[in-house]
């Protein structure tokens, strides 16, 4: 069994959730690495788009910015932000990867502020960026983040980006496209999905050597679990080799 | 059409298309020579209290020299479109909380303060958390859509995002029931900036402009703004633009000033020309840690430099730019 670190496992888990012949709107960092890895293993026909306007690049190296030259490497088209967002609103983009400072049991995300006063927040964060749009439009929302109590909270301080909002039926009632919503949350401890009826986050698999209790201790809300919680498969030798040699040779992410 | 709800955020600009038509009634439509210096363009076309928008995405294809000059000339009480705004916001917000008055008074936020993976701007946080800038929230798409509505000369456009969130509550959007389908939609008001600045690869003296790479929201912005400053890597003859009109995406009659600024997106990235200078950006973020170190940094880089060429020299000059060009062209295959 090859040895690996938590970041490598997260990237592999994220890559495995991406089916071939689908489309994916990504940002920089882990999502980008996951997409590049998926393309090299099981999803050679996975199409990547960046919200800045790059369509179907064949990424050679990881971009630093969602709009830098590297996002355009061997791309099929360079277009506009409206075009990418409207492909998504039209229903052509299947997945998006998002993050945030806080996430709640319904997968709602906060990337705007910590504290409740909008005029004078305790910590001001960047805001939605394209997250609110992509989470409204894309069919499956994926979140990759570290697992701790400050992040997994009962109630987000500011609901920047829609998950299932207040629960079943709430997205549809708000006017969001019907066939969209949170799908997976991948952390350094576990992989979670959402209960089909209650829309609450639930544990699917625990990473090797992680207990259910440890996940509960690091989650700020009561987290449910499926009846048969399995173990996340460890990264394979193939996954690790491609990740280390081709996706992130400078150990930009996996060296963290 | 039935209005269902409205955001509590303040609308910082007038969405009226007739007011926006009036503002450009006397704008020159002729093929005149608009070539000028950065300092002159900012003196003439950026005024205190203006609503300002900056092209590009993050640190990519941004008109850095114009943003420096707005800070250098000490403009006050600007309203600003914080659309994918990283280094441009970082420079502008240095005009707040540093004893030089208040450069930014109000910001429409889609993305500010952050520099993507590089972290948050400490000074940007200090200023915004103090509450001295009025903020209304949007998203990258809905703010781009506001430019698109303005570019079309209409007062609003509908979208299916924003809905159900606090981002909507703190925006100045409204939600309605669609008269055709009965669905809920968000309506976003047109945004007609008083002035915009966009950096491109090539332009002629009249303002015809073209660039490579993603257009982000710049084609919409160029058409939405009442005044437009173009900075370009290279000034080219008019015949060169007319040889291949399919590549012109900003026509001359939108443009008020043209400035030739080689390496004008530095320390940002320019597609096909040079990559972002991550070392410089790291040093900039570091300098922001205390007000004293930041004051020294700004004195050295902006207030103490004569112009953009002087700044480039300070940042390592031609050898550094040559290295960044190699990075952008991936001569080492990105390794």
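The values are calculated or read from the model by the stated rules, or taken from the named source; none is laboratory data. Only a predicted model underlies this, so the values are computations on that prediction, with no experimental measurement involved. Every residue, glycine as well, gets a Cβ built from its backbone with ideal geometry; the counts of neighbours run over all protein chains shown.
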Output yes when any residue across region B:237-244 is outside any helix (DSSP H, G or I) and surrounded by 15 or more Cβ atoms within 10 Å (Cβ to Cβ), and no when none is.
no
Residues to consider are A:37, A:18; find the one that is buried (at least 19 other Cβ atoms within 10 Å of the Cβ), in contact with a helix residue (DSSP H, G or I) (Cβ under 6 Å, 6 or more places away or on another chain) and assigned to a loop (DSSP other than H, G, I, E, B).
A:18
Among the listed residues B:264, B:268, B:304, B:272, which satisfies the condition of being modelled with pLDDT of 95 or more, under 17 Å from residue B:72 (Cα atoms) and in contact with a strand residue (DSSP E or B) (Cβ under 8 Å, 6 or more places away or on another chain)?
B:264
So which of B:324, B:318 ends up being loosely packed, with under 13 Cβ neighbours inside 10 Å and part of a helix (DSSP H, G or I)?
B:318
Being part of a loop (DSSP other than H, G, I, E, B) and within 18 Å of the chain's Cα centre (by Cα) is the filter here; which residues of region A:125-136 pass it?
A:126, A:127, A:128, A:129, A:130
Does region A:128-135 contain any residue that is touching a strand residue (DSSP E or B) at 6+ places or on another chain (Cβ under 8 Å), surrounded by fewer than 23 Cβ atoms within 10 Å (Cβ to Cβ) and in contact (Cβ under 8 Å) with a residue 24 or more places away in the chain?
no
Give just the number: which of (1) part of a helix (DSSP H, G or I); (2) at the interface with another protein chain (Cβ under 7 Å from one of its Cβ atoms); (3) touching a helix residue (DSSP H, G or I) at 6+ places or on another chain (Cβ under 8 Å) does residue B:125 not satisfy?
(3)
Yes or no: region A:85-95 includes at least one residue that is without any contact (Cβ under 8 Å) to a residue 60 or more places away in the chain, within 8 Å of chain B (Cβ to nearest Cβ) and more than 13 Å from residue A:130 (Cβ to Cβ).
no
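Conditions tested, residue by residue: (1) within 14 Å of another protein chain (Cβ to nearest Cβ); (2) under 19 Å from the mean Cα position of the chain (by Cα); (3) surrounded by fewer than 17 Cβ atoms within 10 Å (Cβ to Cβ); (4) at pLDDT below 95.
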residue	(1), (2), (3), (4)
A:164	yes, yes, no, no
A:185	no, yes, no, no
A:189	no, yes, no, no
A:194	no, yes, no, no
A:216	no, no, yes, no
A:220	no, no, no, no
A:231	no, no, yes, no
A:237	no, no, yes, no
Every residue from region B:139-174 that is facing chain A (nearest Cβ under 7 Å) and either outside any helix (DSSP H, G or I) or at pLDDT below 95 (or both)
B:139, B:160, B:161, B:162, B:163, B:164, B:165, B:170
For region B:253-278, how many residues are facing chain A (nearest Cβ under 8 Å) and not in a strand (DSSP E or B)?
5
Which of the helices (runs of 4 or more DSSP H) found entirely inside region B:38-115 contain at least 3 residues meeting this: closer than 14 Å to residue A:126 by Cβ?
B:87-92
Those residues of region B:111-127 which are in contact with a strand residue (DSSP E or B) (Cβ under 6 Å, 6 or more places away or on another chain) and within 30 Å of residue A:253 (Cα to Cα) amount to B:112, B:113, B:114, B:120, B:125
Being part of a loop (DSSP other than H, G, I, E, B), surrounded by 24 or more Cβ atoms within 10 Å (Cβ to Cβ) and within 9 Å of another protein chain (Cβ to nearest Cβ) is the filter; apply it to region A:107-124 and report the residue that is farthest from the chain's Cα centre (by Cα).
A:112
Could you run through region B:99-122 and say how many residues are under 30 Å from residue B:175 (Cα atoms) and more than 7 Å from chain A (Cβ to nearest Cβ)?
5
Which residue is farthest from the chain's Cα centre (by Cα), if the candidates are limited to region B:1-32 and must be surrounded by 11 or more Cβ atoms within 10 Å (Cβ to Cβ) and in a strand (DSSP E or B)?
B:4
For the list (1) away from chain A (no Cβ under 12 Å); (2) under 20 Å from the mean Cα position of the chain (by Cα); (3) modelled with pLDDT under 95, I need the number of the one condition that residue B:75 fails.
(3)
